[in-house]
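Worksheet for the structure shown next.
The values are calculated or read from the model by the stated rules, or taken from the named source; none is laboratory data. What you are looking at is a predicted structure, and each value in this text was computed from that prediction instead of being measured. Surface areas here come from the heavy atoms of the whole protein model, side chains and all, with no ligands, DNA or RNA. Shrake-Rupley method; radii C 1.70, N 1.55, O 1.52, S 1.80 Å.
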Amino acid sequence: MNTRHFVMLAAAAVLTAGPALADSSGIKVDQAWARATPGNVKTGAIYLTITNTGTAPDTLEGKASTPAAAQADLHEMKMANGVMEMRPVPSLTIDPGKSVVLEPGGYHLMLIGLKAPLKEGQTVPLTLTFAHAGTQQVTASVAKVGAMHPGEMSMPGGGSMPGMPGMQH
């Protein structure tokens with residue numbers, strides 16, 4: 001094989017690899033939200049949905065970043081022997097054609113060292129890093145204190161949830 005043939009084959013390989021790489025990094029992040037934090041609480045959480053529309057698995061790294069907190073780490077809450085435990089998670093794989101929901105009581109991004117309270121109606125910028133899709137900029141909207149899903153806002157006139165002093169409904 002002469003040099004000219006080698007260069008042409010190498011160029012053809014690069015050109016045909018492009019679309020396959022683009023297809024395999026089809027990560028979509030949506031429904032990003034956080035709960036408002038009361039008083040001087042220095043921790044919070046961001047929840048979101050990650051969908052892999054690509055053809056290969058991708059992995060969310062366990063560290064994210066936001067100007068709202070000193071650090072943002074991937075955590076998981078789960079029941080173990082009747083006790084709710086929370087632990088850091090080094091990464092989270094999203095298989096092709098699947099979605100992973102970060103939600104209260106499960107996976108979430110733990111905000112540690114909040115620089116200011118998260119207030120209902122605000123937004124929080126967040127940068128996620130994936131092994132193949134690279135970095136993704138996300139904006140999380142802040143729902144009410146104690147919210148269980150995105151967009152849950154306080155009711156006009158306030159009030160307390162039974163058994164949850166200070167929680168607005």
Excluding residues fewer than 8 positions from Lys78 in its own chain, the aspartates and glutamates with Cα under 12 Å of it are Glu103
Result for the stretch 48-104: accessible area per residue, probe 1.4 angstrom, in square angstrom, of 52 Å²
Using alpha-carbon positions, the gyration tensor of the stretch 50-148 gives root eigenvalues a ≥ b ≥ c; with a/c under 1.5 called rounded, otherwise prolate if a/b exceeds b/c, else oblate, the class is oblate
Extension length gain for Thr53 and Gln122 (0.36 nm per residue less Cα distance), in nm, is 21.9 nm
